[in-house]
Amino acid sequence: MSGILQRISMIFRAKTDKALDKLEDPRQTLDYSYQRQLELLQKVRRGVADVATSRKRIELQANQLNTQADKLTMQAQRALEVGREDLAREALTRRSGIQQQLSDLQVQHAQLQSEEEKLTRASQRLQAKVDAFRTRKETIKATYSAAEAQTRINEAFSGISEEMGDVGLAIQRAEDKTAQMQARAGAIDELLASGALEDPTGTAKDDITLELEQLASTSDVENELARMKASLGPGSAAAPQAIEGQQASPGAQQPPGQAPQPPSQAAPPPSLNAQTPQEYQAPPKQDQEAPPAQPQGDLR
Amino acid sequence: MIVRILNEGQWHLTDDAVRGLNSFDDAVEQAVASGDQEQLTKALHTLLDRIRTTGTRLPDDSLEDSDLILPDADSTLEEMRQLLSESEEGLIPG
């Protein structure tokens with residue numbers, strides 16, 4: 001084996017040797033290395049958390065896109081119900097665009113998930129090795145003479161350095177991938193926020209909805225009118241009565257939401273019903289005259 | 001002989017098993033040289049599968065040096081090149 005794989009192995013070994021050369025005191029080597037291992041372990045755990053965050057974000061976006069796709073399906077259905085095949089076609093075209101985005105997200109999601117699993121495994125491996133190293137470190141310190149210790153330290157150190165190099169690469173790779181995903185996720189967020197996904201042409205803001213709403217409100221008005229007419233009973237002559245005289249049939253008071261409120265109702269102040277305008281105005285006059293009279297009466 | 005697969009762990013292989021790996025190494029080298037990602041992925045997968053099936057996995061807490069280090073199965077050409085051109089920084093922290 002002298003090809004490309006050997007070269008990769010040599011890179012790792014060269015780095016370990018170089019790192020070892022920097023430190024001369026065995027004790028220092030052990031403690032320093034252990035410190036670095038703990039730091040790296042922290043970094044791997046942060047890496048796992050970062051990847052998980054990105055993964056969750058993609059899941060959220062996929063949910064949003066799914067909602068959009070469902071909405072477009074419903075729009076297409078409504079459009080067909082009112083006989084607008086052109087609108088239905090447009091809605092379905094947009095939905096297929098969203099489905100493309102969705103399948104893209106699914107690929108990204110799978111990639112992130114696999115990164116997450118790899119890092120989690122790496123974290124477990126490193127943890128096990130760090131624990132082993134700590135035990136070994138204490139044994140070496142306690143048991144071996146200085147000369148002998150150096151050999152043992154080198155063994156332990158190169159064993160864990162290799163793992164650290166491996167894990168270091170894994171974190172770097174995960175960070176790169178996460179950064180890429182975040183950039184793409186950001187783009188989708190913007191699309192979702194601007195509503196452009198609902199309208200790829202960007203010319204209008206969800207015109208399908210607008211048009212369907214118009215159609216719907218027209219038919220709603222018709223339906224409501226029909227309902228009101230029906231509730232007024234057989235004679236259409238009942239309608240004017242109901243509007244002018246408020247005491248008409250109870251049925252006439254039901255549809256006030258739609259029916260223009262009769263002006264007669266709006267004009268008189270709320271006190272209304274039995275009182276005539278004259279009776280209504282009278283009390284204030286009495287009040288104004290009364291005050292001077294009352295104190296006199298009281299005093300005498 | 002101990003072999004590390006990057007991002008996966010270490011395996012113990014007999015000398016015989018190691019001898020059988022040489023041809024795979026050539027395939028990987030060719031793929032990198034010709035810049036063929038598909039071939040690289042294929043070569044790496046075959047190579048790593050072979051190691052996983054012929055080797056014995058080392059426990060996580062063993063502190064042993066590997067004699068051979070192999071790239072991740074999903075490595076891209078870019079990553080392979082980067083690995084090979086790695087200078088002193090980055091790869092081994094500390």
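Does B:Leu21 qualify as being hydrophobic (A, V, I, L, M, F, W, C), within 28 Å of A:Lys177 (Cβ to Cβ) and facing chain A (nearest Cβ under 7 Å)?
Details: hydrophobic (A, V, I, L, M, F, W, C): yes; within 28 Å of A:Lys177 (Cβ to Cβ): no; facing chain A (nearest Cβ under 7 Å): yes.
No: the conditions fail for B:Leu21.
Give me the pairs: first residue in the range B:47-75 and within 11 Å of chain A (Cβ to nearest Cβ) and farther than 20 Å from B:Asp16 by Cα, second residue of a type in the set (Gly, Ala, Ser) and buried (at least 21 other Cβ atoms within 10 Å of the Cβ), beta-carbon distance under 6 Å, and six or more apart or on different chains, which are they? Within 6 Å, the pairs are B:Leu63/A:Ala156; B:Leu63/A:Gly159; B:Glu64/A:Gly159.
Report the residue count in the range A:141-156 for those that are more than 9 Å from chain B (Cβ to nearest Cβ) and either crowded, with 21+ Cβ neighbours inside 10 Å or of a type in the set (Phe, Trp, Tyr) (or both). Spell out how you get there, then give the answer.
Initially, the range A:141-156 is screened for residues more than 9 Å from chain B (Cβ to nearest Cβ), giving A:141-154.
Subsequent filtering for residues that are either crowded, with 21+ Cβ neighbours inside 10 Å or of a type in the set (Phe, Trp, Tyr) (or both) retains A:144, A:153.
Summing the residues that are more than 9 Å from chain B (Cβ to nearest Cβ) and either crowded, with 21+ Cβ neighbours inside 10 Å or of a type in the set (Phe, Trp, Tyr) (or both) in the range A:141-156 gives 2.
For B:Glu29, state whether it is at the interface with another protein chain (Cβ under 7 Å from one of its Cβ atoms) and modelled with pLDDT under 85.
yes
Considering the range A:56-85 alone, what residues qualify as being basic (Lys, Arg) and loosely packed, with under 13 Cβ neighbours inside 10 Å? Outline the logic, then answer.
Residues of the range A:56-85 that are basic (Lys, Arg), as a first pass: A:56-57, A:71, A:78, A:84.
The one that is basic (Lys, Arg) and loosely packed, with under 13 Cβ neighbours inside 10 Å: A:Lys56.
Condition check ((1) part of a helix (DSSP H, G or I); (2) within 14 Å of another protein chain (Cβ to nearest Cβ); (3) under 17 Å from A:Ala170 (Cα atoms)) across all residues:
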| site | (1), (2), (3) |
| --- | --- |
| A:Gln77 | yes, no, no |
| A:Leu80 | yes, no, no |
| A:Gly83 | no, no, no |
| A:Gln99 | yes, no, no |
| A:Glu115 | yes, yes, yes |
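For beta carbons closer than 9 Å, sequence separation of 6+ or different chains, a first residue in the range A:118-134 that is under 16 Å from A:Leu30 (Cα atoms) and facing chain B (nearest Cβ under 8 Å) and a second that is assigned to a helix (DSSP H, G or I) and polar (S, T, N, Q), the qualifying pairs are A:Lys129/A:Gln37; A:Phe133/A:Ser33; A:Phe133/A:Gln37.
Kindly establish whether B:Gly35 is more than 17 Å from A:Ile160 (Cβ to Cβ), touching a residue at least 12 places away in the same chain (Cβ under 8 Å) and surrounded by fewer than 14 Cβ atoms within 10 Å (Cβ to Cβ). So B:Gly35 fits the description; yes.
The set of residues from the range A:9-36 being out of contact with any Asp or Glu (no Cβ under 9 Å at 6 or more places or on another chain), facing another protein chain (nearest Cβ under 8 Å) and at pLDDT 75 or above comprises A:Tyr32, A:Ser33, A:Arg36. Only residues that are at pLDDT 80 or above, among the aliphatic types (A, V, I, L, M) and either at positive phi or surrounded by 11 or more Cβ atoms within 10 Å (Cβ to Cβ) (or both) were counted across the range A:173-230, and they come to 5.
The values are calculated or read from the model by the stated rules, or taken from the named source; none is laboratory data. A quick note: this is a predicted structure, and the numbers were derived from the prediction, not measured. FYI the Cβ positions are ideal-geometry reconstructions off the backbone, even for glycines, and counts take in every protein chain you see.
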